[in-house]
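As structure tokens, the structure follows; a few thoughts come after it.
Just so you know, all these numbers are worked out from the coordinates, no wet-lab data involved. Note that the coordinates shown come from a computational prediction; the quantities given were computed from them, not determined experimentally. Here the Cβ is made from the backbone with ideal geometry for all residues, glycine too, and neighbour counts use every protein chain on show.
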Amino acid sequence: MNRDSNIYTVLYATVLVVVVAAVLAVASGALKAPQERNKEIEKKMNILTSVGKAAGADNAGDKNAYIEEEYDKYIVEAFLVNAKGVKTEGDAFNADLKAELKKPEAERRLPVFVCDDNGSKQYIIPVRGAGLWGAIWGYISLKDDFNTVYGAVFDHAGETPGLGAEIAGSEFQKQFSGKKIYRDGKFVAVEVIKNGSVATDDYRVDGITGGTLTSKAVGKMLFDCLSNYENFFGVQKQNK
């Protein structure tokens, strides 16, 4: 065949595209399992971090194995709750919070994770919302009074480095420990205020300097997501 002909050029390009597509498909299939595994480990790490566990992950010889061991040791229960705050069947770990929050309230099935540390229990609630430039998410853990925050961890898709992205830093996150989500019996979540604007108290934390919009987004995320669990908190208090 004449290599200078249009037919040869078209055939060559077609074969090349098919070969490249096949290679990419094989590579994608081979990488899918490790990628899913990495997501699972990262999720378990974030859940543990919200209750102050797995602190030695970075120094562990086998980080993944260490996180798995810590998760199995401390996370003793995971379940879904419906709009009435009652446990329901389903896979809590693999629940799609983004999809559930889009459903009508009565149809939502939301995950709860329970940490047991020598008889002391914390209840871990996933949260998700919209930041300045993309999604923000995290986990907030409550003591078994279902009012006092035990710990929190947050992350983001694309907030500004050095500003809004600091919600993923320990200095911001550690402020939430000990805060209350109810004031005089009324649900308030935890408000994130402009840094230094007013004195913080049991219900407020300082936002990120220069990251006011992202900070406010965290506060809105906490209110919107935790409010979905109010019935669950009520049921648990009644059962104590």
Q: Compute the label zone of Ala130 within the stretch 73-99: residues whose backbone N is under 16 Å from the point 7 Å along Cα-to-Cβ.
A: 98-99
(Q) For Lys63, give me every one of the aspartates and glutamates with a C-alpha distance below 18 angstrom, ignoring sequence neighbours fewer than eight places off in its own chain. (A) Glu36, Glu40, Glu42, Asp72
Q: Please tell me which of these pairs span more than 24 angstrom C-alpha to C-alpha: Lys84/Lys237; Lys84/Lys121; Lys39/Lys180; Lys44/Lys194; Lys98/Lys194?
A: Lys39/Lys180; Lys44/Lys194; Lys98/Lys194
**Q.** Contact order relative to length of the stretch 76-239, as percent, for alpha carbon pairs under 8 angstrom and 6 or more apart
**A.** 19 percent
Q) Where the Cα atoms of the stretch 76-239 are projected onto their three principal axes, how long is each span, largest first, in whole Å? A) 43, 31, 30
(Q) I'd like the orientation of helix 230-239 relative to the chain: the angle between its Cα long axis and the longest Cα principal axis, in ° from 0 to 90, rounded to 10. (A) 50 degrees
Q.
What does the charge count around Glu42 come to, taking other residues whose C-beta lies under 14 Å from its C-beta (Lys +1, Arg +1, Asp -1, Glu -1)?
A. -1
Q: Compute the acute angle (0 to 90°) between the alpha-carbon long axis of helix 6-49 and the principal axis of greatest extent of the alpha-carbon atoms of the chain; round to the nearest 10°.
A: 20 degrees
